[in-house]
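Report on the following structure.
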Amino acid sequence: MNKKYQNGFFVFGLLILILMLTQLNYDEVWTGLRHTGYWFFAVVFIWAVLYVFNTLTWYIIINSQDSSLSAGSASADVQAPESKNPKGKDEKNKTSAVSFWWLYKVTISGFALNYATPGGLMGGEPYRIMELSPMIGTERASSSVILYVMTHIFSHFCFWLLAVGLFVLTQPVHLYLGILLLLITAFCIAGIWFFIKGYRKGLTLRLMNLMKHCPGAKRWTRRFIEKHGSQLDTIDKQIASLHNQNPKTFISAVLIELGVRVASALEIFFILLVIMPSANYIQCILILAFTSLFANMLFFMPLQLGGREGGFIMSVNGLGMTASAGIFVALIVRIRELIWTAIGLLLIKIERKKK
């Protein structure tokens, strides 16, 4: 990536991080850390493992694109010797340049920028595309990042739907709560349907065509489509190829991301063990699911400030726990997010060593 852009991402994220640090009550932070004790290190460490699986999903998507491209080039090689196709060799060399652990670094930095950016995807995804583009090309880098984001969001809808089922099976449901659960179920099914359509036919051109009808964005969108229409069409074809040509890869990518959602409830479980030794894992999954649902409704706030805390309080109250337990969980999770945001921003400055 160009050094100027890299420094821009770093400085922007650092300024937002400093702003977030000024909002903390450090007396409460210190009290919370002392109360959590060694469990806090487990809370921080679990995300080092979860980011490995996030990276694995992205790595699988990139490799699935490689296999589909190589399948297309194989038929061309029947007519032309490999020695006359240096472009194919260059493409394979670019593919082999993507190291899993370098991708792990970019994944952490991308999530750090998403945490710190209002609107979430406005920070981390452009960074990932710009880092990956020199290795595999802009179109493939863009399609792999878009595919990963789609899979990440798709797994959230599946996770929320799973949580509704768990809640009905394990918790008492009255009339108003039942109506709310039905609304959440309808929302999740609609989201799953939308993303499956996007997987089958691509998503970028369809979204750009929708933007043509938005006031204030019509002219820019039309000019963008006229200038980059062929690239957008190529990206959509690569997106569709994962679902249509590689169904096993698609399913494995979604299952890994869904597994990460379920496993990330360990964070809440570790924290609750400090104040509630009787806490069970299903409760932690429910707390995480409904908190993330509420927080994602406030996606425009940097670090989901306020939304995450409110979500924790409402979730634990809904499960019969005290509001203080929700505040305590929210505080420790917020500190963990700030730590990993700082780590991700520092990793932006670590250059990939070139041979």
Inset, instruction - Given a cut-off of 29 Å, name the pairs among Lys197/Lys227; Lys227/Lys248; Lys201/Lys227; Lys201/Lys248 whose C-alpha atoms lie farther apart than that in the structure shown. - result: Lys227/Lys248
Legend entry - FRET efficiency, 1/(1 + (r/R0)^6) with R0 30 Å, evaluated for Phe45 and Leu255 via beta carbons: 0.80
Inset, instruction - Give the ranking of Thr322, Thr36, Thr185 by solvent-accessible surface, highest area first, calculated with a 1.4 Å probe. - result: Thr322, Thr185, Thr36
Legend entry - Computed FRET value (nearest 0.05) for Lys349 with Tyr38, which takes r as the C-beta separation and R₀ as 30 Å: 0.50
Inset, instruction - Show me 162-174, 266-278 ranked by packing, highest mean number of other Cβ atoms within 10 Å first. - result: 266-278, 162-174
Legend entry - Extension gain (nm, one decimal) between Arg206 and Val173, 0.36 nm per residue minus Cα-Cα: 7.9 nm
Legend entry - In nm, spacing of pseudo-spin labels at Thr31 and Ala263 (7 Å Cα→C-beta vector): 3.5
Inset, instruction - Give the share of C-alpha pairs in each 10 angstrom bin for the range 137-180, from 0 to the last occupied bin, in whole percents, shortest bins first. - result: 24, 30, 20, 15, 10, 1
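The values are calculated or read from the model by the stated rules, or taken from the named source; none is laboratory data. On a predicted model such as this, the values are computed, not experimentally measured, just so you know. Neighbour counts are summed over all protein chains in view; Cβ atoms, including those assigned to glycine, are modelled from backbone coordinates with ideal geometry. We work out accessible area using only protein heavy atoms, side chains counted, and drop any ligands, DNA or RNA first. Shrake-Rupley method; radii C 1.70, N 1.55, O 1.52, S 1.80 Å.
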